[in-house]
Amino acid sequence: MVKIINLKTNKVITKQPPEPLKCNVCGSDYNERVGGISGDIKYSADVTILDVAFCTICTSGVIQMLMENQNKGTV
């Protein structure tokens, strides 16, 4: 719970912090500071298809799969 105090009017507003994002693969908490990534997949500039978030472990796994897939085509 967060309390916000307006110093001019002395009003106190109580707000709940937003819920943390969950990883789309494993469901653990997403944290961008530790190495997770988030974003959205767009169809065009104004049409968002899917919001995505990946934790650190799943991010490294996705990158490893992409690198392995890229190396298959060059051999």
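Overview of results
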quantity: Residue among Thr56, Thr14 that is in contact with a strand residue (DSSP E or B) (Cβ under 7 Å, 6 or more places away or on another chain) and among the polar types (S, T, N, Q); calculated: Thr14
quantity: Count of region 1-35 residues which are at pLDDT 85 or above and under 17 Å from Ile63 (Cα atoms); calculated: 4
quantity: When residues of region 56-75 are limited to those that are surrounded by 12 or more Cβ atoms within 10 Å (Cβ to Cβ) and among the polar types (S, T, N, Q), the one farthest from Cys26 (Cα to Cα); calculated: Ser60
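The values are calculated or read from the model by the stated rules, or taken from the named source; none is laboratory data. Note that the coordinates shown come from a computational prediction; the quantities given were computed from them, not determined experimentally. Using ideal geometry, Cβ is built from the backbone for each residue, glycine included, and neighbour counts are taken over all protein chains shown.
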